[in-house]
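Trainee: A single structure is presented below for examination.
The values are calculated or read from the model by the stated rules, or taken from the named source; none is laboratory data. Keep in mind the model is a prediction, meaning the values are calculated, not measured. Cβ atoms come from the backbone with ideal geometry, glycine included; neighbour counts cover every protein chain shown.
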């Protein structure tokens, strides 16, 4: 029995980027703080931070 195309894409995505969870945090300016991005990355998914509205000191 074949897996669904959606599950196959999620599995390919995880293998390609060495992720444990098929979760990608969208980098939305002002909505994705660094601690959230770091927590997701530490949990095995892909975190991102929308930095377009952030001062340089916040980006790190």
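Trainee: Counting just the residues of region 1-19 that are surrounded by fewer than 11 Cβ atoms within 10 Å (Cβ to Cβ) and part of a loop (DSSP other than H, G, I, E, B), which one comes out farthest from the chain's Cα centre (by Cα)?
Mentor: Result: 1.
Trainee: Moving on. If you go through region 20-39 one residue at a time, do you hit one that is in contact (Cβ under 8 Å) with a residue 24 or more places away in the chain, part of a loop (DSSP other than H, G, I, E, B) and more than 21 Å from residue 55 (Cα to Cα)?
Mentor: There is at least one residue in region 20-39 that is in contact (Cβ under 8 Å) with a residue 24 or more places away in the chain, part of a loop (DSSP other than H, G, I, E, B) and more than 21 Å from residue 55 (Cα to Cα).
Trainee: Something else now. Take the residues in region 20-48 that are surrounded by 14 or more Cβ atoms within 10 Å (Cβ to Cβ) and touching a strand residue (DSSP E or B) at 6+ places or on another chain (Cβ under 6 Å); name whichever of them is modelled with the highest pLDDT.
Mentor: Narrowing region 20-48 to residues surrounded by 14 or more Cβ atoms within 10 Å (Cβ to Cβ): 22-25, 27, 32, 34, 36-37, 40-41, 45-48.
After this cut, where a residue has to be touching a strand residue (DSSP E or B) at 6+ places or on another chain (Cβ under 6 Å) as well, the list is 24, 27, 32, 46.
Details: 24: 91, 27: 88, 32: 81, 46: 94.
Checked region 20-48; the qualifying residue modelled with the highest pLDDT is 46.
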